[in-house]
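Each value in this text was obtained by applying a stated rule to the coordinates, not by laboratory testing. Note that the structure is a prediction, hence the values are computed from the model and not measured. In this analysis, Cβ positions are derived from the backbone assuming ideal geometry, glycine residues included, and neighbour counts consider all displayed protein chains.
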Amino acid sequence: MSDKKGQFRKAFDWCEERLPIVGFIDRFIGTKYLTPRNLNYFWNFGFLALLSLALMIISGLFLSMHYTAHVDHAFDSVERIMRDVNYGWLMRYFHANGASFFFIVVYVHVFRGLYYGSYKAPREVIWWVGLLILFAMMAAAFLGYVLPWGQMSFWAATVITNLFSALPWVGESITSLLWGGFSVDNPTLNRFYALHFLIPFVICALVALHFWALHIPGSGNPTGVEPAPGEKIPFHPYYTAKDTFTIGLFMLALLAVVFWAPNMLGHPLNYVKADPLVTPPHIVPEWYFLPYYAILRAVPDKLLGVLAMFGSIFILFILPWLDTSRVRSAMFRPVFRVFFWIFVADCVLLTWCGAQLAEGWPLLLSRIATFWYFVHLLVVLPVVGWLEKPTPIPDGIEKPTTASISSAHD
């Protein structure tokens, strides 16, 4: 037995010397990667996002084996996947609902970064790459929503692609390029299918870049204070055990939706084949696009609405300079905390408004919420950073951790 172990060890060392895969993993997510010892469960959502990406790619590859990217056959091929392919219904529901869960964990990940100041120096590049991942996710989700070629898919594609025509000089050319003709038709579906298949692998490259950028300054922590070497612990086994627990909860929630409420997050009109001659009474995108859709409709001018919609995402790239406070974490910023939760409520209100008809109270509320969205980022953040008096900040991460433990025991 010892001889076999020795031979295996020699073979392993020989491989590691030439292709150190295990050593690479150990440095990035193993015992050699040291992380602050006070990370809470909100830090687990980054790993859940990685898991969601893997699940989406695996289920998407399965679906692509049976999908037909043609306007005459796309809808029927999806129905065939649901009815005739072994476990096709499971893969389809897994993929469709997995997209929603992917956005849930990413949105929580983003708001965690906003609350704890993860966008501040020296982690600006990590923040930028994360926003690029979010933007690529949105592109992939929109393209994928069109592929079933249902009524809502077709008209959502028509409305969204038409938005680019509002851009001066290049708008018409971009719209024609997306369509592949003079309207949303078979060339459009083929282009969207090819891009939807490609973008997840672009996201994988961005995720690798995100990890690389993360390992330069190291992980942040709830206090925002840079930990001393003695205040760090190996990522494995401490945080891998934590991640495993949250993976179990995540999969329970996802499978509960897949098995018992698979169409809860979708739209019933997408089970009707696309008809260019019948316009739905109310065109709505998937729920994770609703805040941006509300911003788009809140502005009366088409071009300004498009600029406001895209600007609501791209303005986050300059957040490290809009927030003028030297303190990272909201734990020590009482005024910022209040405005942060107002901002969260504002985003929830935009989501609700995006699902309503653009008239009456919903339209008025969406305009107020859109106004506050930009005021919060462009005015409130800089002013609060200048005027706010933070509470005392500890020298290291151990003090607040010890205090919270002692108060819990009391």
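Quick look at the numbers
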read-out: Segment 28-46 residues near the modelled residue 15 label - backbone nitrogen below 20 Å, point 7 Å along Cα→Cβ; value: 28-32
read-out: Cα-Cα pairs of segment 1-126 separated by more than 16 Å (percent); value: 76 percent
read-out: Count, lysine Cα pairs under 19 Å in the chain, 8 or more residues apart or across chains; value: 5
read-out: Mean Cβ neighbour count within 10 Å, used as a protection proxy, ranking 100-106, 261-267 highest first; value: 100-106, 261-267
read-out: Rg/Rh ratio calculated on Cα atoms of segment 265-410 (Kirkwood radius); value: 1.13
read-out: Ordering of 17-23, 55-61, 295-301 by packing [mean C-beta count within 10 Å, highest first]; value: 295-301, 55-61, 17-23
read-out: Label-point separation, residue 159 to residue 337 (7 Å along Cα→Cβ), nm; value: 3.9 nm
read-out: Distance in nm between pseudo-label sites at residue 314 and residue 166 (7 Å out along the Cβ direction from Cα); value: 1.4 nm
read-out: Within the chain, helix-based [θ] at 222 nm, where runs of 4 or more DSSP H residues each add -39,500 (n - 2.57), nearest 500; value: -21500 deg cm²/dmol
read-out: Förster radius 22 Å - calculated FRET efficiency between residue 57 and residue 177, Cβ distance, rounded to 0.05; value: 0.25
read-out: Difference of contour (0.36 nm per residue) and Cα-Cα distance, residue 241 to residue 66; value: 59.3 nm
read-out: Estimated vicinal HN-Hα couplings, Hz - segment 221-237 in sequence order (Karplus 6.51, -1.76, 1.60; Gly, Pro = x); value: 7, x, 7, x, 8, 5, x, 6, x, x, 9, 10, 10, x, 4, 10, x
read-out: FRET efficiency, residue 387 to residue 125 (Cβ-Cβ, R0 41 Å, nearest 0.05); value: 0.90
read-out: For segment 92-171, the fraction of alpha-carbon pairs in successive 5 Å shells from zero, as %; value: 3, 12, 17, 18, 16, 13, 12, 8, 2, 0
read-out: Geometric extent, Cα atoms of the chain - Rg, Dmax (angstrom); value: 23.9, 80
read-out: Residue 301 versus residue 132: modelled label distance in nm, points set 7 Å from Cα along the beta carbon direction; value: 3.2 nm
